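Readers should treat all values here as calculations from the given coordinates under stated rules, not as data from a laboratory. In this text, all values refer to a predicted model and were calculated from it rather than measured experimentally. Cβ placement follows ideal geometry from the backbone for every residue including glycine, while neighbour counts extend to all protein chains displayed.
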């Protein structure tokens with residue numbers, strides 16, 4: 001029987017667990033980031049608490065264990081998706097898809113016309129997931145995160 005993934009809005013007391021999820025999700029790629037790029041990708045508890053004040057943060061859990069997270073920030077009529085992560089052991093569980101569906105549903109309800117994100121070329125499984133959700137690469141920057149290469153992907157939302 002498949003385990004059920006639950007999505008809920010994160011609370012401030014989730015910040016420490018979210019920091020662990022981000023770190024554990026990206027640590028296998030640490031050598032591909034610059035030190036500053038990795039630090040920006042794996043924010044600490046206090047930085048996550050700051051993000052919660054800037055926009056919604058969601059968590060995915062399975063059997064009451066946090067397995068993923070994502071957050072969004074309004075930028076005009078668009079929403080910037082950041083901090084998307086799923087623990088290696090939970091990849092393929094549907095947590096990433098459930099988190100993206102949550103962000104898209106929320107952004108549409110907020111009247112957004114598009115969503116966008118930045119990712120690194122070496123996060124191939126994440127890129128595949130974004131493409132499955134009809135995100136397309138753009139020529140927009142930023143093109144690096146403290147020296148780590150980046151590209152932007154966006155998805156238009158119908159009103």
Worksheet item: Modelled label-to-label distance, residue 124 and residue 75, 7 Å Cα→beta-carbon offset: nm?
Response: 2.8
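Among 125, 118, which comes first, second and so on when ranked by fewest other beta-carbon atoms within 10 Å?
On the way: 125 11, 118 17.
Fewest-to-most Cβ neighbours within 10 Å comes out as 125, 118.
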Discussion item. Given points 7 Å out from each Cα along the Cα-Cβ axis, report the residue 50 to residue 138 separation in nanometres with one decimal.
Written reply: 2.4
Worksheet entry | From the coordinates shown, Cα extents along the principal axes in Å corresponds to which of (i) 39, 38, 33; (ii) 49, 28, 27; (iii) 64, 42, 37 | (i)
